[in-house]
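As structure tokens, the structure follows; a few thoughts come after it.
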């Protein structure tokens with residue numbers, strides 16, 4: 001059918017006095033500003049020429065194709081095939097032919113709406129390794145994490161200070177207050193603060209990048225191994241986050257650590273309830289965590305697979321120097 005349209009278009013252009021070069025896309029046809037002509041022609045496919053009827057006397061056995069969807073701009077000669085589906089449309093009509101067009105649904109918007117609970121920054125331009133690096137850096141070293149920890153420390157210490165002041169005001173000569181009680185309030189507030197020693201351990205950007213690349217390689221290795229055992233709704237970022245938090249305590253199967261304990265992540269990762277600050281909903285995080293544990297069970301249930309095969313994905317990645325000390 002495409003060759004029949006080319007024959008009709010070529011015959012029409014040969015009848016024109018002037019032909020413009022439109023390769024640069026400098027002109028866009030519109031029915032409002034251009035003189036659009038519809039080409040209805042019968043084409044003999046054997047002889048590659050236009051005929052006036054449905055029978056070719058020169059080629060009686062030839063197939064005849066009737067072209068009815070070709071439109072040309074008489075001003076510059078641009079051709080448009082109106083299939084009423086992929087056309088540029090305005091108010092439901094093709095801007096060239098004026099025919100009604102079926103509006104195609106925006107596939108990206110449909111997916112985005114269905115997964116509105118899993119909204120996250122679009123990573124269409126990132127590979128899995130880059131997306132994992134961004135996720136880990138955001139959780140450990142980003143300015144957002146530092147600002148959150150500073151505000152958390154200020155609020156916690158301010159709450160302890162106001163509690164101490166209230167206890168002092170409520171004390172009476174008959175019911176004196178002990179200094180040790182006031183110290184216990186301050187110590188308890190200090191213990192509620194998160195451990196941020198990883199910020200002092202990784203002081204340069206190169207060290208931070210080495211740490212992110214180390215854990216991202218582990219996440220990709222585990223993802224490639226268990227991906228076919230996980231449900232299709234599991235998002236890569238959610239699985240990465242669930243794997244990192246699983247390494248805080250370790251996950252054992254049959255007395256062997258499938259996900260080994262990692263001391264650095266145990267000290268550096270924020271609380272799991274703050275995962276929403278990294279643009280991952282708690283619902284998707286919980287689903288990914290359950291899917292990860294289920295995938296490990298399904299993987300180890302097969303006779304040819306063992307728990308050691310999962311553990312090897314952690315051991316074959318070389319630790320950076322900053323984590324080895």
Neighbour-count order for 140, 200, fewest beta carbons within 10 angstrom listed first: 200, 140
At what distance in nm do the modelled label points of residue 143 and residue 290 sit from each other, each positioned 7 Å from its Cα along Cα→Cβ? 3.8 nm
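Based solely on its DSSP helices, what 222 nm [θ] is calculated for the chain when runs of n ≥ 4 H residues each add -39,500 (n - 2.57) and the sum is averaged over all residues, nearest 500 deg cm²/dmol?
Values: 12 runs with 152 residues, N = 325.
-14500 deg cm²/dmol, from helical runs alone.
Can you tell me the FRET efficiency between residue 312 and residue 183 if r is taken as the Cβ-Cβ distance and R0 is 41 Å, rounded to the nearest 0.05?
Numbers: r = 49 Å, r/R0 = 1.20.
Efficiency, from the Cβ-Cβ distance: 0.25.
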Using a basic spin-label model with each label point 7 Å from the Cα along Cα→Cβ, how many nm lie between residue 249 and residue 93? 6.5 nm
Given labels modelled 7 Å from the Cα in the Cβ direction, how far is it in nm from residue 154 to residue 205? 2.6 nm
For residue 48 and residue 128, what is the calculated FRET efficiency with R₀ set at 56 Å and r taken between the beta-carbons, to the nearest 0.05? 0.65
Could you work out the relative contact order of the chain, using alpha carbon pairs under 8 angstrom and six or more residues apart, expressed as a whole percent? 14 percent
As an exercise, use a Förster radius of 35 Å and the Cβ-Cβ distance of residue 167 and residue 277 to find the FRET efficiency, rounded to the nearest 0.05. 0.60
Identify the residues of region 30-52 with backbone N under 19 Å of a label point that sits 7 angstrom from the Cα of residue 10 along the Cα-to-Cβ direction, or state none. 39-52
Need the full-extension length gain, residue 37 to residue 174, defined as separation in residues times 0.36 nm minus the C-alpha distance. One decimal, nm. 39.0 nm
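Read-outs throughout are calculated quantities, based only on the coordinates presented, and are distinct from any laboratory measurement. Predicted, not measured: the structure shown is a model, and the values here were computed from it. Glycine also receives a Cβ, built like all others from the backbone with ideal geometry; neighbour counts cover every protein chain displayed.
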